[in-house]
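**Student:** I'd like to ask you about the structure that follows.
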Amino acid sequence: MSAWKRVKIAIVRRKLLSNKIPEDSENPLEEWMALKAKETLKKSPELQKAIGRKKLDTVGPEEFREYQLFRVREQMRYVQENSIFYKDRFREAGVSPDDIRSYEDLVRIPMTTPDEMAVEPNHFLCVSMTKTERAFTTTGTSGVRKRVFYTREDLLAKIDIISSALMNVGMKKGDVLHIMFPTVGAWDPSLMLAGACMVAGYGSSNSASVDISEQMQTITENNSTYIIGLPSFIYRVTVLAGERVDLKSLGIKKGICAAEPLSEAMRGILEEAWGCPVLDVWGMTEFGLACAIECDERDGLHTDEANMLFEVIDPETGEHVPDGEKGELVVTSLNAEATPLIRYRTRDISFLYPPECDCGTRFNRRIGKPGGRLDLMTKIGLGQKVYPLLFDEALLQFPEVVSYQLTIDREGYKDVLTFCVETERPDEDLRQRLVDALTSIAEIEQGIDEELLEPPRIEFRDAGTKDYASKAKVIVDRRKHYD
Ligand SMILES: [Zn+2]
């Protein structure tokens, strides 16, 4: 590493709060959020007034909520000033930043939809294009492509949260993170992850190869101790490795699955194969990687509430739903510079937990694992809603299954579900077990009972012959004019 690069890293390190978290901290992520709130409090008379104090030793739920509401007001003032979209939006709605004093007040702010963002991404941009360091184009699962911009400050903030999250997962100096993302899509999480490791003082290794010997070689050569990647990709590598390779012997301490929903069936197989716990991360390009991550309790995902405010609403009425009740996740950025989003509808279905977690956090809230995505959902039979995670749970409990793709057709008045299953061991016994597992899904069972659905059909494809398909393309709906 050049001397100049070392100096640059040292400067970045000094700026980041993640480097101020004590190494023996029990909840590094929450500690980092408390540091962020304290730092903001020091500089802001408005927040000091809202909290009634100028300095805090410990941050509790009330103080942290005040920090978030203050940041919502600040972010609103900022976008009102700098974004064409929000200037008009707030004026039309007759809402001003000072109206927002409680969580309940948030519903007064109109929501932003992914479609609005896709139409005119530049209307969301709050800085001149020359100040943006990177632009990401989202993968566009629903055919809607969105562009999100990041300034240097935005990227540093992301690196800061990723380092704290890695610390929360248990990484310490000397650990090496092995990064496993296939080279698909226009955005590359590997760069951000490698950057976060460098700043935090961890090593990193990287391989996008589906070839297991290549993966193993990279892991061994770098003495990697943690892995992170796309679950369907890690799963594919794992299953193709099969019994030929003892993945446990690599001594990986923990696996982290990011950027796609992780089914429990898949988690079970990965944990068994690698001999370590596997944790789930939730993120979306609009807000960057690592928006929420599981702790060792594996009961909900701790959210990055220093940079984002989470709400759960009824997608039909737009009203808040009570804690524990499912609805659509709505997210407001609190510290974004390039493209801040206010009350952005994520289309993801989730719910909010009450703040306390058995891992010992005091205020940091968790969300339920976002499962069904509204825009990946499709209806079968008499309107039963189905989505990829549902089939993952049924099909990926069998280690023989490498991947699958579902095609939905219509024959007469009945829907036909054909699962093209990639496996090394296609036989009638497996076929029967797959059909049984699928027909035990309530939504499918109901459809068959109502005679609006044919029993599921299975086609086999040899392992390795099917191209890698990300979760977004797992369901192909060939029915015409069907809602
Ligand atoms: Zn926890």
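The values are calculated or read from the model by the stated rules, or taken from the named source; none is laboratory data. Keep in mind it's a predicted model, so treat the numbers as computed, not measured. Virtual Cβ from ideal backbone geometry, glycine too; neighbours counted across all protein chains shown.
**Student:** Would you be able to tell me the number of residues in segment 6-25 that are farther than 21 Å from Asp154 by Cβ and of a type in the set (D, E, K, R)?
**Tutor:** Total satisfying the criteria: 3.
**Student:** Please work out if Ala290 is buried (at least 20 other Cβ atoms within 10 Å of the Cβ) and in a strand (DSSP E or B). Break it down into steps so the answer makes sense when it comes.
**Tutor:** Working: buried (at least 20 other Cβ atoms within 10 Å of the Cβ): yes; in a strand (DSSP E or B): yes.
The answer is yes for Ala290.
**Student:** Please specify each residue of segment 135-172 satisfying the condition of being part of a loop (DSSP other than H, G, I, E, B) and at pLDDT 90 or above.
**Tutor:** Of all residues in segment 135-172, those part of a loop (DSSP other than H, G, I, E, B) come to 138-146, 170-172.
Correct list: Gly170, Met171, Lys172.
**Student:** Return the pair list, or none, for Cβ contacts closer than 6 Å from residues in segment 359-387 that are farther than 20 Å from Thr346 by Cβ and at pLDDT 80 or above to residues that are assigned to a loop (DSSP other than H, G, I, E, B) and polar (S, T, N, Q), at least 6 apart or on different chains.
**Tutor:** Matching pairs, first to second residue: Gly360/Asn27; Thr361/Asn27.
**Student:** Given the structure, is Gly360 within 16 Å of the ligand (Cβ to nearest atom), more than 22 Å from the chain's Cα centre (by Cα) and either aromatic (Phe, Trp, Tyr) or surrounded by fewer than 18 Cβ atoms within 10 Å (Cβ to Cβ) (or both)? Even if it seems obvious, please write down each step before you answer.
**Tutor:** Numbers: within 16 Å of the ligand (Cβ to nearest atom): yes; more than 22 Å from the chain's Cα centre (by Cα): yes; either aromatic (Phe, Trp, Tyr) or surrounded by fewer than 18 Cβ atoms within 10 Å (Cβ to Cβ) (or both): yes.
Taking the combined requirement at face value, the residue satisfies it.
**Student:** Another question about this same structure. Please go through segment 205-246 and give me each residue that is over 18 Å from Gly464 (Cβ atoms) and assigned to a helix (DSSP H, G or I), ordered by number.
**Tutor:** Those that are over 18 Å from Gly464 (Cβ atoms) and assigned to a helix (DSSP H, G or I): Gln217, Thr218, Ile219, Thr220, Glu221, Pro231.
Per-residue answers, yes or no, for (1) acidic (Asp, Glu); (2) assigned by TED's automatic domain parsing to the domain that holds Thr285; (3) buried (at least 19 other Cβ atoms within 10 Å of the Cβ):
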site	(1), (2), (3)
Arg71	no, yes, yes
Gln75	no, yes, yes
Glu81	yes, yes, no
Ser96	no, yes, no
Thr130	no, yes, no
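**Student:** Is it the case, given these coordinates, that Glu243 is of a type in the set (D, E, K, R) and crowded, with 18+ Cβ neighbours inside 10 Å?
**Tutor:** On the way: of a type in the set (D, E, K, R): yes; crowded, with 18+ Cβ neighbours inside 10 Å: no.
Spelling it out, it is not the case that Glu243 is of a type in the set (D, E, K, R) and crowded, with 18+ Cβ neighbours inside 10 Å.
**Student:** Could you tell me which residue of segment 281-294 is farthest from the ligand (Cβ to nearest atom), considering only residues that are closer than 18 Å to Pro231 by Cβ and either small (Gly, Ala, Ser) or modelled with pLDDT of 95 or more (or both)? Can you show your working first?
**Tutor:** Quick first cut of segment 281-294, residues closer than 18 Å to Pro231 by Cβ only: 281-285, 289-294.
With either small (Gly, Ala, Ser) or modelled with pLDDT of 95 or more (or both) added as a condition, the list becomes 283, 290, 292-294.
Details: Gly283: 18, Ala290: 15, Ala292: 11, Ile293: 10, Glu294: 8 Å.
In this case the residue turns out to be Gly283.
**Student:** Only residues that are more than 16 Å from Leu406 (Cβ to Cβ) and touching a strand residue (DSSP E or B) at 6+ places or on another chain (Cβ under 7 Å): list them for segment 434-450, please.
**Tutor:** Of everything in segment 434-450, just one residue is more than 16 Å from Leu406 (Cβ to Cβ) and touching a strand residue (DSSP E or B) at 6+ places or on another chain (Cβ under 7 Å), namely Gln446.
**Student:** For residues that are over 23 Å from the mean Cα position of the chain (by Cα) and under 19 Å from Ala273 (Cβ atoms), tally how many sit in segment 194-223.
**Tutor:** Total satisfying the criteria: 10.
**Student:** Also, I was wondering about something else. Kindly indicate the residue of segment 45-61 that is under 31 Å from the mean Cα position of the chain (by Cα) and not in a helix (DSSP H, G or I) and also surrounded by the most Cβ atoms within 10 Å (Cβ to Cβ) among those meeting that condition. If you could, list the steps in order and put the result at the bottom.
**Tutor:** Taking segment 45-61 and keeping what is under 31 Å from the mean Cα position of the chain (by Cα), we get 47, 58-61.
Filter again for not in a helix (DSSP H, G or I), leaving 58-60.
On the way: Thr58: 9, Val59: 22, Gly60: 12.
Filtering segment 45-61 for residues that are under 31 Å from the mean Cα position of the chain (by Cα) and not in a helix (DSSP H, G or I), the one surrounded by the most Cβ atoms within 10 Å (Cβ to Cβ) comes out as Val59.
**Student:** Also: Looking at segment 334-347, is at least one residue part of a loop (DSSP other than H, G, I, E, B) and within 16 Å of the ligand (Cβ to nearest atom)?
**Tutor:** Filtering segment 334-347 down to residues part of a loop (DSSP other than H, G, I, E, B) leaves 334-343.
Narrowing further to those that are within 16 Å of the ligand (Cβ to nearest atom): none.
Checked against the condition, which is being part of a loop (DSSP other than H, G, I, E, B) and within 16 Å of the ligand (Cβ to nearest atom), segment 334-347 yields no hits at all.
**Student:** So, one more: Identify, please: which residue in segment 20-38 is more than 15 Å from the ligand (Cβ to nearest atom) and at pLDDT below 95 and is, among those, surrounded by the fewest Cβ atoms within 10 Å (Cβ to Cβ)?
**Tutor:** My answer is Asp24.
**Student:** Residue check, Gly283 against (1) assigned to a strand (DSSP E or B); (2) in contact with a helix residue (DSSP H, G or I) (Cβ under 8 Å, 6 or more places away or on another chain), all met but one. Which one?
**Tutor:** Of everything listed in (1) assigned to a strand (DSSP E or B); (2) in contact with a helix residue (DSSP H, G or I) (Cβ under 8 Å, 6 or more places away or on another chain), Gly283 misses just condition (2).
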